[in-house]
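Below is one structure, written out as structure tokens, with a few remarks after it.
The values are calculated or read from the model by the stated rules, or taken from the named source; none is laboratory data. Note that the coordinates shown come from a computational prediction; the quantities given were computed from them, not determined experimentally. Every residue, glycine among them, receives a Cβ derived from its backbone with ideal geometry; neighbour counts consider all protein chains shown. Calculation scope for accessible area: heavy atoms of the full protein, side chains included, ligands and nucleic acids excluded. Shrake-Rupley method; radii C 1.70, N 1.55, O 1.52, S 1.80 Å.
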Amino acid sequence: MENIQTRITTFLLEKGWIQKEVLEKSDFPSKDSGNVSVLEEFVHSGILTEEQLRSALEDFFGVPFAREEDYPKEPVLINPLSVQFMKESKFVPARLEENELTIIMGNPLDYYVLDAIRVATRYNIRVLAGQERQILETIERYYGLGTTPMERIIEDMESLPEYRIDEEESVDHLLDMASEGPVIRLVNLVISRAIEARASDIHFEPFEDQFRVRYRIDGVLHDVESPPKRLQAAIVSRVKIMAKLNIAERRLPQDGRIMLRVKGKEIDFRVSSIPTIYGESLVLRILDKSSIVLDIEILGFPEDILLDFREMIQRPYGIILVTGPTGSGKTTTLYCALEKINSPDKKIITVEDPVEYQLKGVNQIQVKPSIGLNFANALRSIVRQDPDVILIGEIRDTETADIAIHAALTGHLVFSTLHTNDAPSAITRLIDMGIEDYLLSSTIIGVLAQRLVRVACPHCRIPYLPNPAILKELQVGGNDLPGIDFFDVKGCSSCSFTGYTGRTGIFELFKITDEVQRLILEKKGSHILKEIARKNGMRTLREDGWLKVKEGRTTVSEVLRVTQEDAR
């Protein structure tokens, strides 16, 4: 079969770009060294100028020729496309915008490769012609071995000894390793990448033959480039030194804090260390104060729930509870509520573990169980401070619940959180703790259950029709479907290839009406309370999630993921 070089040369002769006599007299090599590298010899020999070569290839391939600015400035990571495939087929991803992937190819007429890329990625493909040499150089620069920033740093760390779990490293040795320049740069790189990726947590996890690094982005963990196992001791020691932890203690859990300025922003890191069978596991919770906007209007509340919730938090006394699992945004919602009612005529005191964000004009207390300052002890003292509003980070035991109830009875507005699956279950949970039903019925104003769903990336979301079985699981009937556009996500550079960017809340607001108060006094179960609340207009978490799907803000699979326990 005629190779691409011969076809291009014939084309150039037929179109008059080159003359046969000039070609025969030149030292142009006859061996097949690839279409672009050989064509570059035309330029080197003076047969064609650079501009003529670009125009000729655009004419031959029927696609634009890549300019310098078209080449990527950083790697465009598309999981199904291996580096080996890129090198063999001589193409490089240039950018990903919405559902269109732009690639630069040495041979844009290689339809087998184009079809393979299209099938593997499911993107629309836009092709630019490019010089083979420049394509391979780009692949090597961004994807070749030893070319990533982390790998370049690791190359400078060959002298560090391999980590052995059964070795008792001396403190001096650990300090020496953690003070090495490359170790410091490596830890800083992992942290700065996490900030860029909008991560909320960094996980350093030791395993038998791997030291794994993962970022939690929008509530979901993602694997990222990880350092080799032999650097485990150095990296762990470096983080512990930064957090002012005892690096000699590797048998007990430890907690610390790091304050850093990263990319011009003040970032607070809460560090937790626990011993595992393969070494210490570290988690860094990232608290970016500059990214927090304490505005209750942007949390994702539907208009009707927002109206009711705002009315509740303006009450002079009573208890408002927010329920949900860890990481569901309960504290942020309560902070927004405090921010809304914070005024010079109110004294607000909080008891938290930990104090995540500092609120202007609010007295915040950090519990310290090691010295006997727990929620219950702090609350007893708070009441003597004559507050108007009290926030309790979490009701964990009967003693704390009892003090909170009596604070509400004596004219205080109390906010707190509980870990329950839905809003009505908070009542039965408190009764199970030993709180008298008549106290609950007279003090609880309302219970807000919430979850966080990821927002579909507007740049790469695509229309699709969900499986009827999935819609049935979402408890959606045929009457709910007409006129609704469903979206799925693919991932692009705008969302770090996760398919989602940011999160929004879905809510279930349980209002304590006169009828509900009577049911509480009759010791009715949570399923009865939920049934009555729904008859009175309460939407469940899954039903509120369905509204977000109808708005196109999230996906069906995302709502199902965070409301698995929600059943009618």
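Tabulated values for the structure
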read-out	value
Rounded accessible area per residue of the chain, 1.4 Å, Å²	48
Rounded FRET efficiency, nearest 0.05, which uses the C-beta distance separating GLN358 from ASP172 and R0 of 45 Å	0.75
The chain: calculated mean residue ellipticity at 222 nm from DSSP helix runs of at least 4, using -39500 (n - 2.57)	-11000 deg cm²/dmol
Apportionment of accessible area to carbon and sulfur, the chain, percent (1.4 Å)	49
Ordering of 318-330, 62-74 by packing [mean C-beta count within 10 Å, highest first]	318-330, 62-74
Other-chain or far-sequence residues with amide H under 5 Å of ILE18's (modelled H)	LEU13
Dimensionless Rg over Rh [segment 225-282; C-alpha; Kirkwood]	1.00
Antiparallel bridges, percent of DSSP beta bridges restricted to the chain (to nearest 5)	65
Global size of segment 338-440 as Cα Rg and Dmax, reported in angstrom	13.6, 38
Neighbourhood net charge (9 Å Cβ-Cβ; Lys/Arg +1, Asp/Glu -1) for MET259	0
For the chain, the spread of Cα positions along each principal axis, largest first, Å	104, 70, 44
Cβ-derived FRET efficiency at R0 56 Å, VAL63 paired with GLN314, nearest 0.05	0.35
Cα-only Debye scattering, segment 195-252: base-10 log of I(q)/I(0) at q = 0.13 Å⁻¹	-0.39
Cysteines having no other Cys beta carbon under 4.7 Å from their own, within the chain	CYS336
Separation of the LYS244 and ASP485 label points, Cα + 7 Å toward Cβ, nm	5.3
Members of LYS330/LYS548; LYS244/LYS346; LYS511/LYS550; LYS523/LYS548; LYS347/LYS524; LYS330/LYS550 lying beyond 27 Å, as alpha-carbon distances in this model show	LYS244/LYS346; LYS523/LYS548; LYS347/LYS524
